[in-house]
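Asker: This structure is in structure tokens; I'll ask about it shortly.
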Ligand code: GLN
């Protein structure tokens with residue numbers, strides 16, 4: 001990562017990022033807020049401290065983009081939702097504090113599906129973010145803005161949240177690295193909750209080594225998040241030997257996976273085999289319940305977390321409501337996006353007496369089976385290599401009116417959140433029509449750093465060559 005020094009000023013780094021942010025904003029709709037004034041002020045201070053010979057930290061003057069569901073008093077913290085539009089946070093998320101303590105400078109807040117509900121960023125109150133490779137296509141979601149900010153080279157890194165794929169899928173759709181760490185590795189304090197037992201904080205970057213550095217800075221136990229794990233990142237070797245056994249999952253029905261993703265997986269597997277890795281085929285039949293279990297557990301937690309938005313405690317309040325009930329109803333009706341409302345209704349339904357046993361309890365049992373299945377799989381292999389999603393970036397508007405089609409895009413990403421295991425998107429080239437292709441490396445809990453190291457190794461050993469997709473079937477349109 002390019003940091004500020006006597007030779008390279010923080011001011012020049014920040015100004016360059018701000019110029020690019022403004023330049024791309026109209027076409028791609030990446031940011032909900034661009035932090036012109038405060039970022040320039042901070043850069044000036046850092047340069048001053050560098051001149052005085054002070055230690056300014058490991059991210060001195062590095063501009064970054066912050067997903068707009070991280071709270072801090074700089075700019076509003078909207079979560080791309082109307083109901084939080086006027087909200088300025090009195091607190092600062094632990095991750096933001098740790099990054100800024102090392103000298104990083106937030107140059108903009110990035111667009112997301114409102115409250116991170118979605119897979120395309122089309123559910124944002126501020127409109128969709130466009131894909132970095134093709135502006136007629138989705139950026140992926142929910143962290144679409146963050147992924148595009150990194151892919152277009154506006155910033156070297158951006159933050160994300162991943163409840164069911166929101167870092168890994170947009171990373172894959174835009175050809176960059178994206179890590180969803182082990183559940184609990186980074187404190188969730190100060191991040192707008194989606195589904196608390198699934199939510200993870202993570203990062204986007206062009207280089208796995210940068211994500212490693214960001215993890216060293218931000219991982220660790222936090223008294224403000226009771227689910228944060230005792231410090232382990234960088235302190236623990238998960239495997240005795242270098243990663244050798246690569247698992248591939250037989251159970252994903254091949255027919256649902258786009259032919260160019262299948263071809264990319266086959267290509268990477270061959271390269272790994274050629275470089276001496278053992279390929280293990282895994283039977284993971286419980287994974288077929290993951291999507292259904294996720295779309296019960298996740299909305300149940302969403303419904304609980306969003307209940308706080310009542311027009312009394314937070315920013316937006318619908319005017320002219322004559323009764324308290326009307327105030328609640330109107331605030332929520334006007335303040336939430338249709339997808340937010342759908343999840344609140346599904347969540348309350350699956351938690352209601354009479355349906356709790358049939359849905360929520362069953363989903364919780366399926367979750368246990370999925371956890372056990374991953375544990376069994378990691379007895380046989382070190383890491384698993386699988387698609388992130390069934391398709392490359394789809395067209396804007398293609399799925400937004402069909403929630404089930406949209407949910408099916410999460411088929412391969414949600415089981416990791418249910419099991420709490422880490423997943424890293426690695427870019428693996430492009431489709432014939434120039435769309436990014438990504439795969440995910442999945443490891444046992446706390447193997448985050450080793451996944452990043454392995455990705456680095458894969459990148460140097462097995463760089464995809466130029467003509468590689470010549471023999472692959474054509475695009476989808
Ligand atoms: N696409 C998934 C969903 O809509 C995951 C979202 C996320 O990880 N925030 O729930």
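Just so you know, all these numbers are worked out from the coordinates, no wet-lab data involved. Not measured: the values here are computed from a predicted model. Quick reminder, even Gly has a Cβ in these numbers, built from the backbone with ideal geometry, and neighbours come from all protein chains shown.
Asker: Counting only DSSP beta bridges with both residues in region 139-284, tell me the antiparallel percent, nearest 5.
Answerer: Taking every DSSP beta bridge within region 139-284, about 70 percent pair in antiparallel fashion.
Asker: Moving to a separate point now. Among rounded, prolate and oblate, which fits region 82-135 when a ≥ b ≥ c are the square roots of the eigenvalues of its C-alpha gyration tensor, a/c under 1.5 means rounded, and a/b larger than b/c means prolate? Kindly include the intermediate steps, with their values, before the conclusion.
Answerer: Numbers: a/c = 2.64, a/b = 1.47, b/c = 1.80.
Oblate, since a/c reaches 1.5 and b/c is not below a/b.
Asker: Here's something else I'd like to know. Going by a ≥ b ≥ c, the root eigenvalues of the Cα gyration tensor, does region 116-236 fall in the rounded group (a/c under 1.5), the prolate group (a/b larger than b/c) or the oblate group?
Answerer: oblate
Asker: Can you give the % of DSSP beta bridges in the chain that are antiparallel, to the nearest 5?
Answerer: About 70 percent, rounded to the nearest 5.
Asker: May I pose another question? So what is the relative contact order of region 165-224, in percent, for Cα pairs below 8 Å that sit 6 or more residues apart?
Answerer: Once normalised by length, the contact order is 37 percent.
Asker: Further question on the same structure: Over the chain, what relative contact order in percent results from Cα pairs under 8 Å that are six or more residues apart? Walk me through the numbers before you get to the answer.
Answerer: Details: 1106 pairs, mean separation 80.9, N = 477.
It rounds to 17 percent for the chain.
Asker: Let me ask another. Which FRET efficiency value, to the nearest 0.05, do you get for residue 457 and residue 341 by plugging their Cβ-Cβ distance into 1/(1 + (r/R0)^6) with R0 = 60 Å?
Answerer: 0.85
Asker: Give the distance, in whole Å, between the Cα centre of region 425-440 and the Cα centre of region 269-347.
Answerer: Using only Cα atoms, the two centres lie 27 Å from each other.
Asker: Classify region 176-307 as rounded, prolate or oblate, taking a ≥ b ≥ c as the square roots of the eigenvalues of its Cα gyration tensor: rounded when a/c is under 1.5, otherwise prolate if a/b is larger than b/c and oblate if not.
Answerer: Oblate.
Asker: Starting from the Cα-Cα distance between residue 357 and residue 48, subtract it from 0.36 nm times their residue separation and give me the gain in nm to one decimal.
Answerer: Stretched out fully, the residue 357 to residue 48 stretch lengthens by 105.1 nm.
Asker: Let me ask another. Residues of region 82-99 with the amide nitrogen closer than 14 Å to a label point 7 Å from the Cα of residue 314, along Cα-to-Cβ, please.
Answerer: Inside the label zone: 82-91.
Asker: Moving on. Nearest 0.05, what FRET efficiency do residue 270 and residue 239 give at R0 = 22 Å with Cβ-Cβ as r?
Answerer: Efficiency at R0 = 22 Å is approximately 0.45.
Asker: Starting from the Cα of residue 91, move 7 Å in the Cα-to-Cβ direction to define the label point; list residues of region 181-221 whose amide nitrogen is under 20 Å from there.
Answerer: The answer is 184-202, 218-221.
Asker: In 20 Å bins starting at 0, how do the alpha-carbon pair distances of the chain split up by percent?
Answerer: It works out to 25, 59, 16, 0, in whole percents.
Asker: While we're here: Just from its helices, what would the mean residue ellipticity at 222 nm be for the chain, if runs of 4 or more DSSP H residues each count -39500 (n - 2.57) and the sum is divided by every residue, rounded to the nearest 500 deg cm²/dmol?
Answerer: Using -39500 (n - 2.57) per qualifying helix, the result is -11500 deg cm²/dmol.
Asker: Something else: Which value in nm describes the separation of the simple spin-label points at residue 325 and residue 307, placed 7 Å from the Cα toward the beta carbon?
Answerer: 1.8 nm
Asker: Below 8 Å between Cα atoms, with a sequence gap of 6+, how large is the relative contact order for region 293-332 in percent?
Answerer: Relative contact order here is 34 percent.
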